[in-house]
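The values are calculated or read from the model by the stated rules, or taken from the named source; none is laboratory data. Source: prediction; values computed, not measured. Here the Cβ positions follow ideal geometry from the backbone for every residue, glycine too, while neighbour counts run over all protein chains shown.
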Amino acid sequence: MLQGFKDFIMRGNVIDLAVAVVIGGAFTAIVTAIVDSIINPLVALFYQPNASGEVGPEIIGIYGQKVVFPLGDLITAVISFFAVALVVYFAFVMPMNKWKERQAAKAGVADEVVPAPTETELLIQIRDLLEAQKGSTPARTTTPPTA
């Protein structure tokens, strides 16, 4: 029972997920502070904040009320997401993938890339098999034409 738990924990995806959650939570505060202190003031250069402090274009609604589209919040969320994803990828996912590759190389598992046959080669093979089933030998060449 404990061996199964150990195998589950030592799988790369569980560790990746745990690290991503912890680092994402910690890094979000940094990114939010950067966006609040740099990006939102840049947006405020073009739009004045309203009474509630929202920054963005203000449009008059059908019933005469003012509606603000808070671009600052949207920009904060987008930048935060990409910054956290970038840090998690370069700090954890990429090194874990390299580690897995080294472990596979040590174990003797090599990724042998065999090129897939082209469509012409497959058609030639099918033709040759059909002719062989009929009992005749192929009259044409079995090499694909060059383009």
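Scanning the stretch 117-147 for residues that are hydrophobic (A, V, I, L, M, F, W, C) and modelled with pLDDT under 85, we see that the one that is surrounded by the most Cβ atoms within 10 Å (Cβ to Cβ) is ALA139.
Within the stretch 92-116, count every residue that is surrounded by 12 or more Cβ atoms within 10 Å (Cβ to Cβ) and modelled with pLDDT of 80 or more. Talk me through it step by step, then tell me what you get.
Initially, the stretch 92-116 is screened for residues surrounded by 12 or more Cβ atoms within 10 Å (Cβ to Cβ), giving 92-93, 96-97, 101, 104.
Okay, now just the ones that are also modelled with pLDDT of 80 or more, so 96-97, 101, 104.
The total comes to 4.
If the condition is being β-branched (Val, Ile, Thr) and farther than 11 Å from ALA83 by Cβ, then the stretch 13-38 contributes VAL14, ILE15, VAL19, VAL21, VAL22, ILE23, ILE38.
Among residues of the stretch 1-47 being at pLDDT below 70 and more than 30 Å from LYS98 (Cβ to Cβ), the one that is surrounded by the fewest Cβ atoms within 10 Å (Cβ to Cβ) is MET1.
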